[in-house]
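First the structure, in the form of structure tokens, and then the observations on it.
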Amino acid sequence: MRARDLAVEYKTVSVDSAAEDAARVMAEHRLPGLLVVDELGEPKAILPASQMVKALVPAYVVEDPTLAAVVDEKHADRLCRALTGRSVGGCLPQEADPPPIAAPDDTALEVAALMARVRSPLVAVAERTKGGRGKAGTRLLGVITASHLLHELLGAAHPPDPS
């Protein structure tokens, strides 16, 4: 099975997208993260759901987790306000790595190895293109999530019993 066969349409956001909207998309669709694209639609970063959760937690609680036990529920309900006015770019780590990108003809094992090496919940599948003025770019074909890849690999390892 090739990456192009495993890739599915997937929600993307831009660096300038509202963080609160990105968090809602993740929550509503139960996504492990979002692919961040530039103005041309080229993959630029991955925003893991765990990073969005981290953006909700006050820095003083991250530094001293024992403080989390003393924060009352009323205050905890206000955590989402931490995203108000922030952009997706503001929630990305300062030195965000480029997203892992698989070529359309990569095998499932190559995609799995890439995902494991970079510890990413998803891999973009894109093909290289020639842009205007001889400039190369990428065209996003879709995304492969870790759970989808596991499902496909486990299904290949244990095909259904025909009887």
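See the values below:
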item: Any chance A82 is within 20 Å of P32 (Cβ to Cβ) and either more than 16 Å from the chain's Cα centre (by Cα) or surrounded by fewer than 17 Cβ atoms within 10 Å (Cβ to Cβ) (or both); result: no
item: Options A69, A22: the member that is outside any strand (DSSP E or B), farther than 21 Å from G142 by Cα and out of contact with any Cys (no Cβ under 7 Å at 6 or more places or on another chain); result: A69
item: Among (1) closer than 16 Å to L122 by Cβ; (2) under 14 Å from the mean Cα position of the chain (by Cα) - the single one A27 does not satisfy; result: (1)
item: Residue in segment 89-103 that is in contact with a Gly (Cβ under 8 Å, 6 or more places away or on another chain) and farther than 30 Å from L154 by Cα present; result: no
item: Among residues of segment 88-141, those that are in a helix (DSSP H, G or I) and without any contact (Cβ under 8 Å) to a residue 40 or more places away in the chain, counted; result: 10
item: Residue pairs meeting the criteria (Cβ under 8 Å; at least 6 apart or on separate chains; first surrounded by 13 or more Cβ atoms within 10 Å (Cβ to Cβ), in segment 48-71; second part of a loop (DSSP other than H, G, I, E, B) and of a type in the set (D, E)); result: none
item: Considering residues of segment 12-44 that are among the hydrophobic types (A, V, I, L, M, F, W, C), more than 17 Å from L56 (Cβ to Cβ) and surrounded by fewer than 20 Cβ atoms within 10 Å (Cβ to Cβ) only, the residue modelled with the highest pLDDT; result: V15
item: Considering residues of segment 85-107 that are among the aliphatic types (A, V, I, L, M) and touching an Asp or Glu at 6+ places or on another chain (Cβ under 8 Å) only, the residue surrounded by the fewest Cβ atoms within 10 Å (Cβ to Cβ); result: A103
item: Residue within segment 61-74 that is of a type in the set (G, A, S) and touching a helix residue (DSSP H, G or I) at 6+ places or on another chain (Cβ under 8 Å) present; result: yes
item: Hits in segment 106-126 (condition: under 15 Å from the mean Cα position of the chain (by Cα) and among the polar types (S, T, N, Q)); result: S120
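The values are calculated or read from the model by the stated rules, or taken from the named source; none is laboratory data. Quick caveat: nothing in here was measured; it's all calculated off a predicted structure. Cβ: placed from backbone, ideal geometry, glycine included. Neighbour counts: every protein chain shown.
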